[in-house]
Amino acid sequence: MSFSRTILITGGAGFIGSHVVRRFVRKYPSYLVVNADKLTYAGNLENLTDIADRENYRFEKTDITDKKSVSALFRKYPFDGIIHLAAESHVDRSIDNPDDFVMTNVAGTVNLLNAALSAWSGNTENRLFYHISTDEVYGSLEGGGAFTEQTPYDPKSPYSASKAGSDHFVRAYHNTYGLPVVISNCSNNYGPNQFPEKLIPLMINNIKNNKPLPVYGKGENVRDWLYVEDHAAAIDLIFHKGKPGETYNIGGGNEWKNIDLVKFLCRIMDRRLNREEGISEKLINFVRDRPGHDLRYAIDSSKIRNTLGWKPTVNFEEGLEKTVDWYLSNTQWLQNVISGEYVKYYEKMYRNR
Ligand code: NAD
Ligand code: DAU
């Protein structure tokens, strides 16, 4: 079968990547979608069992830090579009061990840029390198306002510093070599398939198991939450309609203090588990704060809304309920990811908090 386009999606076995892969495989049967993923602790092919046998889908186990594997991938497929999501993505892990973040997020991105540059030399028409980044590159909002595409970079954690570094390389390859690139910086995602080291699935799992709910500091930090499928829809739009050289901020316009969010989640869980209202909240446990914890993120997404017509479609209560239901019904998925490495991780991160 011949395909109209060949798209590389890196990190497609992870949380957001798996939603993007599924969307592209289903919506664009004429595209060949190649998912390249190292399958770290965060990568899970179980996220994609429903589309794994589709004719227009391929999986390639690839470590983007390994130049030879990346070159081999580009020799095997004539990619005309790249959506780059592969990354080390958890802030707490970056504080514990920054090295992997430098290697994957910075060096891995540069390997992909080099491979694209070499594959597309002389012909960049209808080619695009789309780099998926985060609002954390802008730093922490200590007062009001929101991050725009013009906000100066001010990353504060090893994770956000590595993502900022990768963004700078992507822009530098556009400016220096004319590589057609686009970048988007998104706020906090939530939804099915998120690894339970992140706030929402960690809390769902702990509430379910009657374990303490570790809220960092006083729970005053604010995040802007977006349902993962709304992010995937924005990525689809930017990939097809975004202007090369541009950056787009993506956000939910949905700010929550952590403590309020955890209490809201507790109420949903009480209902779902037929517990008396207020029972789960008693599990809340304020613990030592994350070092250098960014106080507040908020995204001004007027550019993507006004120029590309994107807006979030899932309201937070509906999205959280869907997420809770997914975790409560996918017990085997959860069991598989919280065995082994997760137990050691949890013990190390939360033992002395
Ligand atoms: P995730 O940790 O769930 O998934 C990351 C994926 O990358 C995994 O499948 C992992 O196996 C793969 N990977 C890691 N190192 C690799 C390597 N060396 N080679 C190949 N594959 C490798 O992450 P996520 O939350 O889905 O985030 C995806 C992207 O979106 C990241 O670039 C992240 O910075 C960005 N982002 C995430 C959020 C969020 O709220 N989760 C928000 C904005 C931006
Ligand atoms: O803003 C986008 C970013 O959102 C992405 O780039 C990152 O990849 C993603 O991990 C996420 O980063 P955060 O640090 O905001 O997400 P996390 O789920 O780790 O934490 C959300 C908030 O909850 C943060 O203020 C820390 C707090 N927290 C987190 C955990 C895991 C707790 O209070 N307790 C916890 O146990």
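Amide H to amide H, with H built 1.01 Å from N, TYR57 comes under 5 Å of VAL33, counting only residues 5 or more places away or on other chains.
One Cα centroid belongs to segment 281-323, the other to segment 149-210; the line between them spans 13 Å.
Once you sort the root eigenvalues of the Cα gyration tensor of segment 279-339 as a ≥ b ≥ c, which label holds: rounded (a/c under 1.5), prolate (a/b larger than b/c) or oblate (the other case)? Walk me through the numbers on the way to the answer.
Numbers: a/c = 2.23, a/b = 1.35, b/c = 1.65.
Oblate, since a/c reaches 1.5 and b/c is not below a/b.
The lysines within cross-link reach of LYS68, meaning a Cα-to-Cα straight distance under 20 Å and a gap of 8 or more places when in the same chain, are LYS38, LYS76. Annotation: aspartates and glutamates with alpha-carbon distance below 15 angstrom to LYS344 (same-chain offsets under eight excluded): ASP92, ASP96, GLU197.
What relative contact order, as a whole-number percentage, does the chain give when Cα pairs under 8 Å and 6 or more residues apart are counted? Before the final figure, lay out each step's value.
Details: 625 pairs, mean separation 58.3, N = 353.
Value for the chain: 17 percent.
With the full set of protein chains in place, find how many percent of the accessible area of the chain is carbon and sulfur; take the probe as 1.4 Å. Whole-percent figure for carbon plus sulfur exposure: 48.
Structural descriptor for segment 55-177: relative contact order 31 percent, calculated from alpha carbon pairs under 8 angstrom and at least 6 residues apart. Put a plus charge on the Cβ of each Lys and Arg, a minus charge on the Cβ of each Asp and Glu, and nothing anywhere else: the dipole of the chain about its Cα centre is then about 380 debye.
Which residues does a label at THR49 reach in segment 189-219, if reach means a backbone N under 18 Å from a point 7 Å past the Cα toward the Cβ? Only 192-196 fall inside the zone, counting backbone N under 18 Å.
In debye, nearest 20, what is the charge dipole magnitude of segment 48-179 about its Cα centre with +1 on Lys and Arg Cβ and -1 on Asp and Glu Cβ, if you could check? Each step should come with its number before you reach the end.
Values: 12 positive and 19 negative charges, 125 e Å.
Dipole magnitude for segment 48-179 comes out near 600 debye.
Dipole of segment 123-273 computed with +1 at Lys/Arg Cβ and -1 at Asp/Glu Cβ about the Cα centre; of ASN210, VAL182, SER162, farthest Cα towards the positive end is ASN210.
Taking only protein heavy atoms into account and a 1.4 Å probe, give the accessible area per residue of segment 37-89 in Å².
Numbers: 2700 Å² over 53 residues.
About 51 Å² of surface per residue is accessible.
Sorted by mean Cβ packing within 10 Å, highest first, what order do the peptides 57-68, 340-351, 119-130, 1-12 take?
Details: 57-68: 17.2, 340-351: 12.7, 119-130: 15.3, 1-12: 19.6.
Most protected by this proxy first, the peptides run 1-12, 57-68, 119-130, 340-351.
Across segment 18-117, Cα pairs under 8 Å and at least six residues apart give a relative contact order of 25 percent. Using a simple spin-label model with pseudo-atoms 7 Å out from Cα toward Cβ, LEU328 and GLU341 lie 3.0 nm apart. Computed with a 1.4 Å probe over protein heavy atoms only, the accessible surface of segment 107-195 comes to 36 Å² per residue.
Suppose every K and R has +1 on its Cβ and every D and E has -1 on its Cβ; what is the size of the dipole of segment 130-234 about the Cα centre, in Debye to the nearest 20? Write out the running numbers ahead of the final one.
Working: 8 positive and 11 negative charges, 79 e Å.
The dipole magnitude comes to about 380 debye.
With all pairs of separate Cα atoms included, the chain yields a Kirkwood hydrodynamic radius of 20.8 Å. Where only DSSP H runs of four or more residues are counted, the chain gives -11500 deg cm²/dmol as its mean residue ellipticity at 222 nm, each run worth -39500 (n - 2.57). Among the listed pairs LYS218/LYS257; LYS163/LYS311; LYS208/LYS282; LYS198/LYS322, those with a Cα-Cα distance over 21 Å are LYS163/LYS311.
With respect to the chain, whose longest principal axis is taken over its alpha-carbon atoms, helix 316-329 is tilted by about 90°. Working note: Debye formula, equal point scatterers on the alpha-carbon atoms of segment 100-147, no solvent; log10 I(q)/I(0) at q = 0.32, 0.33 Å⁻¹ is -1.18, -1.20.
The values are calculated or read from the model by the stated rules, or taken from the named source; none is laboratory data. On a predicted model such as this, the values are computed, not experimentally measured, just so you know. Positions of Cβ are generated from backbone atoms using ideal geometry, with glycine treated the same way; all protein chains shown enter the neighbour counts. Protein only, heavy atoms only, side chains kept; ligands, DNA and RNA dropped before computing areas. Shrake-Rupley method; radii C 1.70, N 1.55, O 1.52, S 1.80 Å.
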